[in-house]
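The values are calculated or read from the model by the stated rules, or taken from the named source; none is laboratory data. Since this is a predicted model, take the numbers as computed values, not measurements. Using ideal geometry, Cβ is built from the backbone for each residue, glycine included, and neighbour counts are taken over all protein chains shown. Ligands, DNA and RNA are stripped out before the accessible areas are found, and what is left, the full protein with its side chains, is counted by its heavy atoms. Shrake-Rupley method; radii C 1.70, N 1.55, O 1.52, S 1.80 Å.
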Amino acid sequence: MKKKMNLNIIDKKQIPQSESERQYYFMDIAKEYVSQLAAQKGSALTFHVTTFGCQMNARDSEKLVGILERIGYVETETEEADFVIYNTCTVRENANNKVYGRLGALCNYKKKNQYMLIGLCGCMMQEPAVVEKLKESYRFVDLIFGTHNIYKFAELIVTALESDSMTIDIWKDTEQIVEDLPVERKYAFKSGVNIMFGCNNFCSYCIVPYVRGRERSREPKEIIREIENLVADGVVEVMLLGQNVNSYGKNLEEPMTFAELLAEIEKIEGLERIRFMTSHPKDLSDELIEVMKHSRKICRHLHLPLQSGSSRILAAMNRRYDKEHYLALVEKLRASVPDIALTTDIIVGFPGETEEDFEETLDVVRKVRYDSAFTFIYSKRTGTPAASREDQVPEEIIKERFDRLLAEVQQIAAEKAGKLTGQVQPVLIEEINAQDDGLVTGRLSNNSVVHLPGTAELIGKIVDVRLKECRGFYYLGELEK
Ligand code: 5AD
Ligand code: SF4
């Protein structure tokens, strides 16, 4: 096969011991292969990374892009590329279906392009049944790897280029955190920063602990060093990422709380804004609320997944808080940080959910009045405790509840939007407006979107903006002189 390469250039004795050096070694080998293939093809090889799912995956994709660019691939906008990678999500069934649906189109592109490689990685690949299905019915896929060995991407590319069958490398779990590999940020001025990986919570509906493994925190000094380097490179806003950031640091040799980590990050000169996600209500401490209250940099926004307002359902979900605890937490937060925007995730139709349980959810939504909420229809994930329950809620009932919830959430969000109209607020300008290139678009500390007249020079800057009016869910503003 044309893409097969084997120049015998891997010298086993030369392979470095340390994991990050080992990967740089394989990047050099991959670069040599890619340059030879480009010479054969007569043009540079292109790649496209498609990301499904959450911000963790978005950050992982930046790591994939960093390695692909380093070995000589050039990014392209379309999936008609020489290397297409799907970084997949499996949190709900429809995320899986999307991937299968799109693989057919990729197969057609591949028939026309002898250089094309197709790679699949991310959470969905951690499910054995998915890999079996791919092996059986999607033989044209070249490379499959999971969430634990993404740092081995360069080495896996070399294996895939040297092989003419499917390369599969999936690990069940890992202790390893490999630092200092290349990353290509999507935005010059803001960046996600992983502070921990995995999840130990085992909410009974959720597949994440099975596909992302056990919770492990990065060393604080590595996090600080990464952020300092990002700031030196022009970053003004970081989003600290973890499945449950509030339990950060528990498993470190020298334990440290998330609040303590935030206080350290706050000290980094040149860093202007700190965001984080996701917070689990059971672990959100008074110490953290105190740090948020006094911080100049932590943004006035908290994403606090509710999942259900019914204490009975919350217990069945293994969330380890109840309705009263959640409401008290919100009250405490608002007392300390009055202007904080609150957003949430809610699942409708968890097994056994009755009309009364659902009313409890609506009650919390009305009491908290979220600035926005992501609402999900419960999706049965094989292998999770909730999936084997016999009291699954019928689809029509779920649909009807979902529509009621959405209407409530949207009405409250619409009422809350615009509460800052007339004020002057600092805004981080992020991009030229997609519809009108005379406008730029930015975000307030509370995550609201603002459009205002401006040019590309403003991108990445934090400027004072007068919020003149609110249209739907965004503001129109102008620079305050
Ligand atoms: N069904 C529906 N929604 C789910 N989530 C996680 N697992 C499921 C599931 N099985 C939602 C939760 C979580 C968000 C990321 O996805 O609300 O907070
Ligand atoms: Fe899933 Fe619960 Fe872990 Fe969030 S905290 S990733 S919902 S198990």
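Pairs 63/332; 190/399; 63/135: which exceed 31 Å Cα-Cα?
Over 31 Å apart, Cα to Cα: 63/332; 190/399.
Under the Kirkwood approximation for Rh and a Cα-based Rg, what ratio Rg/Rh is obtained for the stretch 433-481? Spell out each step's value before the answer.
Working: Rg = 10.0 Å, Rh = 10.9 Å.
Using Cα coordinates only, the ratio equals 0.91.
Given R₀ = 51 Å, FRET efficiency for residue 287-residue 395 by Cβ-Cβ distance, to 0.05?
Values: r = 43 Å, r/R0 = 0.85.
After rounding to 0.05, the efficiency reads 0.70.
Accessible area of residue 35, 1.4 Å probe, to the nearest 10 Å²?
Approximately 70 Å² of residue 35 is accessible to the 1.4 Å probe.
At q = 0.06, 0.10, 0.11 Å⁻¹, what is the base-10 log of I(q)/I(0) for the chain according to the Debye formula with one equal point scatterer per Cα and no solvent? Please give it to two decimals.
The Cα Debye sum returns log10 ratios of -0.30, -0.85, -1.03.
Determine the percent antiparallel among the DSSP beta bridges restricted to the chain, to the nearest 5.
Numbers: 23 of 65 bridges.
Approximately 35 percent, going by the DSSP bridge assignments.
Name the residues whose placed amide hydrogens come within less than 5 Å of the amide hydrogen of residue 301, ignoring near sequence neighbours (fewer than 5 apart) on the same chain.
Placed amide hydrogens put 341 under 5 Å from residue 301.
May I ask you to list the aspartates and glutamates whose Cα is less than 20 Å away from that of residue 13, ignoring any residue fewer than eight positions away on the same chain?
21, 28, 32, 155, 162
Given axes a ≥ b ≥ c from the Cα gyration tensor, I'd like to know whether the stretch 112-187 is rounded (a/c under 1.5), prolate (a/b larger than b/c) or oblate.
Oblate shape, in that a/c is at least 1.5 and b/c is the bigger or equal ratio.
Run lengths n ≥ 4 of DSSP H only: what is the helix-derived mean residue ellipticity at 222 nm for the chain, with -39500 (n - 2.57) per run over all residues, to the nearest 500?
Calculated mean residue ellipticity at 222 nm is -11500 deg cm²/dmol.
Would you mind working out the accessible area per residue for the chain, using a 1.4 Å probe, and quoting it in Å²?
With all protein chains present, the chain gives 45 Å² per residue.
Percent of accessible area on the chain owned by carbon and sulfur, 1.4 Å probe?
Values: 10530 of 21450 Å².
Carbon and sulfur: 49 percent of the exposed surface of the chain.
Output the lone cysteines of the chain: those with no second cysteine's C-beta under 4.7 Å from their C-beta.
54, 89, 107, 121, 123, 199, 299, 470 - these cysteines have no disulfide-compatible partner (Cβ-Cβ under 4.7 Å) in the chain.
Magnitude of the Cβ-charge dipole of the chain, K/R +1 and D/E -1, about the Cα centre, nearest 20 debye? Can you show the working numbers first?
Values: 63 positive and 75 negative charges, 127 e Å.
Magnitude of the dipole: close to 620 debye.
Give the residues of the stretch 148-168 whose amide nitrogen is closer than 18 Å to a point set 7 Å from the Cα of residue 179 in the direction of its Cβ.
151-152, by backbone N distance to the label point.
Please state the relative contact order of the chain as a whole percent: Cα pairs under 8 Å, 6+ residues apart?
10
So between residue 15 and residue 434, what do we pick up on full extension, going 0.36 nm a residue minus the alpha carbon distance?
146.2 nm
So if R0 is 56 Å, what FRET efficiency would residue 44 and residue 356 give, r being the distance between their Cβ atoms, rounded to the nearest 0.05?
Working: r = 61 Å, r/R0 = 1.10.
After rounding, the FRET efficiency stands at 0.35.
Tell me the relative contact order for the stretch 76-185 as a rounded percent, counting alpha carbon contacts under 8 Å between residues six or more apart.
Working: 128 pairs, mean separation 25.2, N = 110.
Relative contact order for the stretch 76-185 comes out at 23 percent.
Compute the length gained on full extension between residue 332 and residue 411: take 0.36 nm times their separation in residues and subtract their Cα-Cα distance, giving the result in nm to one decimal.
26.0 nm
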